[in-house]
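What follows is a single structure, written as structure tokens, with notes after it.
Quick note: the coordinates plus some simple rules give every number you see, no bench work behind them. Just so it is clear, the structure is predicted and the values come from calculations on it, not from any experiment. Neighbour counts are summed over all protein chains in view; Cβ atoms, including those assigned to glycine, are modelled from backbone coordinates with ideal geometry.
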Amino acid sequence: MTETRSWKDPSLYIRQIHVEESCLELDYTREILERAALPYTVVEDRQDPEGISGEYPDNLALGKHHLLLCKNRGHFFKPCPGTREYQCCDYQVLNIGMNCPMDCVYCILQAYLNKPWLTFFVNTKNLFQELDSAFASEPDRFFRIGTGEFTDSMALDRLTHLSSQLVEYMADQEQGILELKTKSGVIHNLKELRHNGRTVMAWSLNSTPVMQKEEIRTATLDERLAAAGQCAEWGYKLAFHFDPIIDHPGWEQGYEETVKKLFQAVPAEQIVWISLGALRYLPSLKTIGTNRFPRTRIYYQEFIEGLDNKKRYFRSRRVRLYQHLYKLLKRYADPSTCIYFCMESDEIWQEVMGYTPEERGGIPAMLDRTVCN
């Protein structure tokens, strides 16, 4: 049965916080604990929190009630793990944590991660030092930065308030743009910030049946679009991601309704880019997804193994999905909005859009132009 309560703020799903011992001395940690007002336990550094029984991934549903505050002992800032076989947008990932309280049936993190709990990195001083170093080391480079690769950018923001720190930091960075991508409706910390046009607020969208059945504990379409409309009023640039596009009964009408609602809710001229990407997944995800969500049907279609070793719809099917959505988007989108494919071949670009990225300088240049002009 579909849940009827609102999950506009999915952080409400968290019931227990765990803190690495060395992180207790950080003011930021104490601020998060105070905001959360949840029970917490202290764990030794580099140790797993207790209270999450079972084996991964069977314990993912239980693990999403638990949040671990710890240090990132690796790099915060690194290139997006794209693949050379398909056209990549040269995105730079800012890793603020791992996993999220939402539970999308198709989420690749189920197969990518091996721990069920949510993780948030509290040593943000190191995060900003890495950004400073990156900008200083390549002063002529323009960086498109996103935090939504290994977690949702805003799902924990009620507790962390990280968005306000990032937005105000990026306001002074002329050689970069920050994208905060979410399936939530959490935006309250963005109001009245000095963003200086250097932050793009982005939402993943889908047809309503997919959102209801396959995107568990996420904001509804109306909640996401209301949040986007409010951010537009606050002067933020916007972006939207139709990814994954999923073949399902009534998909043509479903995506058409979403596109129409999108352009009724937000001013087209404030949308800087819209991405399209059909469902693709690691082979191991099918077993995980069907075991965790036995009612899902999205994996029971014809797929082929792509050049990146991920399962994809056959090319003819992808083209049909893309052509329908691209035609809809072109009908409503502002001419300045960049509509692009995430991880697709030149052949698909040519067949659907009538050109290849190289003809327009490459995907990175296409995207950069929308925010640099």
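Observations on the model:
- Remark: for residue pairs LYS181/LYS237; LYS261/LYS330; LYS78/LYS310; LYS183/LYS261; LYS78/LYS261, the C-alpha separation exceeds 24 Å in LYS78/LYS261.
- Zone residues, the stretch 273-300, relative to ARG320, backbone N less than 19 Å from point 7 Å out along Cα-to-Cβ: 277-280, 297-300
- Peptides ranked, highest mean first, by Cβ atoms within 10 Å: ranges 224-233, 348-357: 224-233, 348-357
- Spin-label zone in the stretch 133-170 - amide nitrogen under 12 Å from a point set 7 Å from the Cα of CYS372 along the C-beta vector: 140-144
- A straight Cα-to-Cα reach below 13 Å connects LYS125 with the aspartates and glutamates ASP27, residues fewer than 8 places away in its own chain not being considered.
- Least to most buried among ASP58, ASP368 (fewest other Cβ within 10 Å first): ASP58, ASP368
- Electrostatic tally near ALA239: other residues with Cβ closer than 11 Å to its Cβ, Lys and Arg +1, Asp and Glu -1, net +2.
- Within the stretch 80-206, the proportion of Cα pairs with more than 24 Å between them is 29 percent.
- Listed by Cβ neighbour count within 10 Å, with the fewest neighbours leading, SER137, SER184 appear as SER137, SER184.
- Residue-averaged 222 nm ellipticity for the chain, from DSSP H runs of 4+ at -39500 (n - 2.57), nearest 500: -10000 deg cm²/dmol
- For the pair LYS71 and GLU25 in one chain, pulling the backbone fully straight at 0.36 nm per residue adds 15.4 nm over the alpha carbon distance.
- Antiparallel content of DSSP bridges confined to the stretch 71-372, in %, to 5: 35 percent
- Cα centroid separation - the stretch 355-373 against the stretch 227-268, whole Å: 22 Å
- Sorted by Cβ density within 10 Å, fewest first, the residues ILE32, ILE14: ILE14, ILE32
- Note on the stretch 269-373: Kirkwood hydrodynamic radius from all Cα pairs is 15.4 Å, rounded to one decimal.
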